[in-house]
Amino acid sequence: MLPILQAPADENDTLATVINYVMAISHHMGRTHTIITADQPLYSKGKELVWTNSKFESVIFLMGGLQICFNFLKSIGPHMESARLGDLWTEIDVYAANTTQTMLDGKVYYRAVRGHPLTYEALATQVANIQVIHQAHSDNPNFKMWSTYISMIEILLDFIRAERDGNWILHLEAFTAMLSWLTIYYHTNYAQWVPA
């Protein structure tokens with residue numbers, strides 16, 4: 001475990017101390033670069049600190065994958081609000097009513113990451129069959145909403161796989177696919193800082 005600093009994490013002095021400490025560990029291990037992950041607010045401050053200090057040119061700041069997933073889950077929930085997805089999970093006794101709301105709010109990661117793929121699996125085969133049989137009805141708003149939901153869950157699953165496998169290319173592709181949804185559902189700080 002790294003030491004705990006008794007100072008506000010979002011102050012530049014604290015962040016510089018952490019960067020220096022982690023750089024020393026990286027150099028001791030023979031690494032040429034230091035990779036640090038952080039949530040979006042610390043990421044933006046860390047990036048600015050790295051940009052303004054040439055001593056930190058070997059530091060690579062990344063947004064934390066868990067925080068990215070949380071924010072994407074917070075985009076899926078509002079998108080599916082009118083579909084009453086939470087009611088569906090409750091009615092089939094998969095989750096309790098309070099749990100479903102927190103899942104749709106993006107607050108309970110593990111349950112959401114189990115619940116959405118369950119729904120995805122149930123829907124994916126049906127939507128594929130409907131697309132083949134009813135191409136003429138693809139303009140139906142209900143059909144579009146559920147098709148979009150399936151696409152969003154595929155993006156989420158791709159991102160999780162990229163994080164677990166350490167697949168940088170898939171990480172970039174999935175995160176890029178998330179950006180429009182993060183922007184639509186007011187997670188603009190992520191959309192603003194991703195190009196950095």
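The values are calculated or read from the model by the stated rules, or taken from the named source; none is laboratory data. Keep in mind that what you see is a predicted model, and the values were worked out from it rather than measured. Cβ placement follows ideal geometry from the backbone for every residue including glycine, while neighbour counts extend to all protein chains displayed.
Here are some notes:
- Output for the stretch 78-99, where each listed residue is within 19 Å of the chain's Cα centre (by Cα) and either within 13 Å of Thr119 (Cα to Cα) or among the polar types (S, T, N, Q) (or both): Met80
- Criterion (outside the structural domain of Tyr110 (by TED's automatic domain parsing), of a type in the set (S, T, N, Q) and closer than 26 Å to Ser180 by Cβ) met by exactly one of Ser58, Ser44, Ser82, Ser54: Ser44
- In this structure, Gly65 does not satisfy being at pLDDT below 90 and within 14 Å of the chain's Cα centre (by Cα).
- Flag for Val113 being among the β-branched types (Val, Ile, Thr) and at pLDDT below 90: no
- Count of the stretch 1-56 residues which are of a type in the set (A, V, I, L, M), surrounded by fewer than 14 Cβ atoms within 10 Å (Cβ to Cβ) and either at pLDDT 90 or above or within 23 Å of the chain's Cα centre (by Cα) (or both): 5
- Condition broken by Ala196, with the remaining ones in (1) touching a residue at least 60 places away in the same chain (Cβ under 8 Å); (2) part of a helix (DSSP H, G or I) satisfied: (2)
- Among residues of the stretch 57-79, those that are buried (at least 17 other Cβ atoms within 10 Å of the Cβ), out of contact with any strand residue (DSSP E or B) (no Cβ under 9 Å at 6 or more places or on another chain) and either more than 22 Å from Arg111 (Cα to Cα) or of a type in the set (Lys, Arg) (or both), counted: 1
- Inter-residue pairs, beta-carbon under 7 Å, first within 15 Å of Gly86 (Cβ to Cβ) and in the stretch 98-127, second among the basic types (Lys, Arg), 6+ apart: Thr99/Arg111; Met103/Arg111; Asp105/Lys74; Gly106/Lys74
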